[in-house]
Amino acid sequence: MKKYLKPINLMELLRPLGQLIVFSLGSAAVLSIIVLALAIVLNNTAAGDKIFAQLKVSLFAYTVANLPQVLVDGLTLGFVYAAIALGYTMVYGVLEFINFAHSEIFAIGAFVGVEILIALQNAGLIGSGSSLFMDYVFLILAMLAGMAVAGGAAIAMERIAYRPLRNAPRLVPLISAIGVSFFLQDAIRLTESLTTGQFNRIFPTFGNFDKRITFGKIPMGAAELPFSVPIKSFIVIIAAVLMLVVLNYLVNATKVGKAIRAVAQDRATASLMGIDVNHIIAITFLIGGALGGAAGLLYALKFTRIDPYVGFYPGLKAFTAAVLGGIGNLTGALLGGIILGLLETFAGSYLSIFTMGAAGVEYKDIFAFAILILVLIFRPNGLLGENVTEKV
Amino acid sequence: MSLLSLENVHSYYGHIHALKGISLRIEKGEIVTLIGSNGAGKSTTLRTISGLIHPKRGKVSLDGKDISTMAPHLIVRAGIGHVPEGRGIFPRLTVKENLEIGAYTIDDDAEAERRMEYSFELFPRLKERLEQKGGTLSGGEQQMLAIARGLMLDPTLLMLDEPSMGLSPVMVDLVFDTIQKVNENGATILLVEQNALVALSVAHRGYVLQTGEIIISDTASNLRNDPTVQKAYLGVE
């Protein structure tokens, strides 16, 4: 007798997986084609000659041989960006406001997780001699703790710094968010300095996360290039995909999710449906914050070193990803994150070769922000920005 | 005791003093209409009752209980449904999801199911549009959806803000027939309308608002024959 209110919807679990695969393959294909075309064009120029002089392979062969590695690294980064971008986009969805302090929520998640792992290492529970199973258990626990604290911090942030400004002109909460961002950076720095004496922290070495799984060798000219992926990249990808699927289900197929979408579309009318709007906004911050916190720990796992300002660049890029995909749109944040992660990794890997070292990996960020500007000019609603007009 | 009563209610819309001492009462089972021109304060009255605006002075009571400072979502749970001006359909939710959101306060799925069936009895068209996004419906269909959604929580008092706005005459008839049917099924109705003629044809009693004050209050049939009302709101010279 559940004709209209179906309880579980398998489609809602499978659809985001399908989207992730389509987006990943699509973006990867487009960027690969562009890079390969560039490689063909540059093959017979000085850039091609230089690489041939160094490695005795054509530029094209070099590009092809490196492609699998670049794609895997790009997707790993892309999923992290997507997880952060979802926090921006969810909050934007319900409040039409960019929570610039989301990058510090990310940092909080990273610090909480890393500090717990360092403490466990000091206690001798992880590191040399610990069982692999317990290593994973502790990693997951650290991540959950990071998510919980980050989610709690996001709720507190909304309650203290944004809710009192809910009816103020739109610029005001934005300024408040920038203030919160600086405040949290220094709060993390101060806390770390007072308790540990330093504010640069290193993700402890334990488990098998740094071990690489070799998938084979790719011929490159006369030589062979091993294609291997570190286990931590798989962890990042699996964790991110899991979170994205759960989030999608939560938003699209549960009562709370429906309430979140209703609040996003029309706050006053949502309250007339009996929805406690403040409560739903707090839940939105909690979810976005938890995702951001998880992304923080995944980032720390992948890049090892964190400091109180660690959230700045990933935050800005995730924001770009959210705008690129269409801010307020969850699917858009996935797509934007994947594109941006791939683009950045492609730029980081090939820019130096293609420009003969004139513009190296340090210029990779130009692409992310050039994209932000181009999107804002030519497609302000983003790639998947919805344009449903309300009929009167 | 009246189902709903407003005593000397003053409300502000930003800096505008929109309601200047409104007093009215609605008895259980009635259809009461508020008529008046644009900006008279009709919508503000409804928004004050449903808690979207809190009165600066005065008292709103439901069943004798003061609800003047209650949050809107709690007022809904207390039994007041409000179909807002402009219908307030969630454009990117499907028709079904819009109705489910209407049943947000109901935890019993079977009960929600029953009420959804009731909406389809009233508006069979909605059943055909179940998976369509709210924003893609025609104006009339949106109005049906808005009323159906308002009925999902089985309100003791249903407030409707300009249900005839933008509708074809056939649609207006359908909507007002439905309002009467809903009333016969037990719901008390507070109806805000610019189309005074239609409103007074279904209502039992009415209040005439002018610049934030009630200037006339009478039975619907008396209002229909009132020269002031005829001249100002019914277009009778």
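The values are calculated or read from the model by the stated rules, or taken from the named source; none is laboratory data. Remember, predicted model here, so these are calculated numbers, not experimental data. So basically every Cβ, Gly included, is an ideal-geometry build from the backbone, and we count neighbours across all protein chains shown.
Has the range A:314-337 got any residue that is assigned to a loop (DSSP other than H, G, I, E, B), touching a Leu at 6+ places or on another chain (Cβ under 8 Å), in contact (Cβ under 8 Å) with a residue 40 or more places away in the chain and under 30 Å from B:Met152 (Cα atoms)? Yes, there is a match, as at least one residue in the range A:314-337 is assigned to a loop (DSSP other than H, G, I, E, B), touching a Leu at 6+ places or on another chain (Cβ under 8 Å), in contact (Cβ under 8 Å) with a residue 40 or more places away in the chain and under 30 Å from B:Met152 (Cα atoms).
Quick one: which of B:Thr69, B:Thr45, B:Thr105 is in a helix (DSSP H, G or I) and either polar (S, T, N, Q) or facing chain A (nearest Cβ under 9 Å) (or both)? Answer to the selection: B:Thr45.
Does B:Ser61 qualify as being assigned to a strand (DSSP E or B), over 16 Å from A:Asp266 (Cβ atoms), more than 8 Å from every other protein chain (Cβ to nearest Cβ) and out of contact with any helix residue (DSSP H, G or I) (no Cβ under 8 Å at 6 or more places or on another chain)? Yes.
Results for (1) over 18 Å from B:Asp154 (Cβ atoms); (2) touching an Asp or Glu at 6+ places or on another chain (Cβ under 8 Å), shown as yes or no for each residue.
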residue: B:Ser2; (1), (2): yes, yes
residue: B:Gly51; (1), (2): yes, no
residue: B:Arg77; (1), (2): no, no
residue: B:Gly88; (1), (2): yes, yes
residue: B:Tyr104; (1), (2): no, no
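Filtering the range A:298-310 to residues that are more than 11 Å from the chain's Cα centre (by Cα) and buried (at least 24 other Cβ atoms within 10 Å of the Cβ) leaves A:Ala300, A:Leu301, A:Ile306, A:Pro308, A:Val310. Taken as a whole, the structure places A:Ser228 among residues that are in a strand (DSSP E or B) and either surrounded by 21 or more Cβ atoms within 10 Å (Cβ to Cβ) or more than 14 Å from every other protein chain (Cβ to nearest Cβ) (or both). Only one of the listed residues (A:Gly74, A:Gly48) is more than 14 Å from chain B (Cβ to nearest Cβ), in contact with a Leu (Cβ under 8 Å, 6 or more places away or on another chain) and at pLDDT below 90. That residue is A:Gly48. Scanning the range B:77-102 for residues that are more than 9 Å from every other protein chain (Cβ to nearest Cβ) and within 17 Å of B:Gln143 (Cα to Cα) returns B:Glu85, B:Thr94, B:Val95.
Selection of first residues in the range B:146-170 that are more than 12 Å from chain A (Cβ to nearest Cβ) and among the polar types (S, T, N, Q) and of second residues that are surrounded by 24 or more Cβ atoms within 10 Å (Cβ to Cβ) and not in a helix (DSSP H, G or I), restricted to Cβ pairs under 8 Å at least 6 apart or on distinct chains, gives the following pairs, ordered by first then second residue: B:Thr156/B:Ile80; B:Ser164/B:Glu193. Checking each residue in the range B:69-118 for being polar (S, T, N, Q) and within 18 Å of the chain's Cα centre (by Cα) picks out only B:Asn98.
Scan the range B:165-198 residue by residue and report those that are of a type in the set (S, T, N, Q) and surrounded by fewer than 21 Cβ atoms within 10 Å (Cβ to Cβ). Explain how you work it out, then say what you get.
From the range B:165-198, those of a type in the set (S, T, N, Q) are B:168, B:178, B:180, B:183, B:185, B:188, B:194-195; that's our starting set.
Once the filter is applied, which keeps residues that are of a type in the set (S, T, N, Q) and surrounded by fewer than 21 Cβ atoms within 10 Å (Cβ to Cβ), the range B:165-198 yields B:Ser168, B:Thr178, B:Gln180, B:Asn183, B:Asn185, B:Gln194, B:Asn195.
Only a single criterion out of (1) surrounded by fewer than 16 Cβ atoms within 10 Å (Cβ to Cβ); (2) within 25 Å of A:Gly216 (Cβ to Cβ); (3) at pLDDT 90 or above is not satisfied by A:Gln54, namely (3).
Quick one: is B:Glu27 surrounded by fewer than 22 Cβ atoms within 10 Å (Cβ to Cβ), modelled with pLDDT of 95 or more and either of a type in the set (S, T, N, Q) or closer than 15 Å to B:Leu158 by Cα (or both)?
Values: surrounded by fewer than 22 Cβ atoms within 10 Å (Cβ to Cβ): yes; modelled with pLDDT of 95 or more: yes; either of a type in the set (S, T, N, Q) or closer than 15 Å to B:Leu158 by Cα (or both): yes.
Taking the combined requirement at face value, the residue satisfies it.
Here is the figure for the range A:260-282: residues that are under 19 Å from A:Gly87 (Cβ atoms), crowded, with 23+ Cβ neighbours inside 10 Å and within 8 Å of chain B (Cβ to nearest Cβ) total 0.
Would a scan of the range A:373-380 turn up a residue that is part of a helix (DSSP H, G or I), within 14 Å of chain B (Cβ to nearest Cβ) and over 26 Å from A:Gly113 (Cα atoms)?
In the first step, residues of the range A:373-380 are kept if they are part of a helix (DSSP H, G or I); the result is A:373-378.
Those left that are additionally within 14 Å of chain B (Cβ to nearest Cβ): none.
No, every residue in the range A:373-380 fails to be part of a helix (DSSP H, G or I), within 14 Å of chain B (Cβ to nearest Cβ) and over 26 Å from A:Gly113 (Cα atoms).
The criterion of at least 1 residues that are at pLDDT 90 or above and among the β-branched types (Val, Ile, Thr) is met, among helices (runs of 4 or more DSSP H) falling completely within the range B:119-237, by B:139-152, B:169-184, B:196-202. For the range B:108-137, the set of residues classified as more than 7 Å from chain A (Cβ to nearest Cβ) and of a type in the set (Gly, Ala, Ser) consists of B:Ser119, B:Gly134, listed by residue number. Filtering the range B:48-58 to residues that are free of Cβ contacts under 8 Å to residues at least 60 places away in the same chain and within 14 Å of another protein chain (Cβ to nearest Cβ) leaves B:Thr48, B:Gly51, B:Leu52, B:Ile53, B:His54.
Among all positions in the range A:35-49, there is no residue which is within 21 Å of the chain's Cα centre (by Cα) and aliphatic (A, V, I, L, M).
Condition check ((1) at negative phi; (2) within 15 Å of the chain's Cα centre (by Cα)) across all residues:
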position: B:Asp173; (1), (2): yes, no
position: B:Thr178; (1), (2): yes, yes
position: B:Asn183; (1), (2): yes, yes
position: B:Ser201; (1), (2): yes, no
position: B:Ile215; (1), (2): yes, no
position: B:Gly235; (1), (2): no, no
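Selection within the range A:22-44: residues that are in contact (Cβ under 8 Å) with a residue 24 or more places away in the chain, within 17 Å of A:Asp73 (Cα to Cα) and not polar (S, T, N, Q). The member of this set that is surrounded by the most Cβ atoms within 10 Å (Cβ to Cβ) is A:Phe23.
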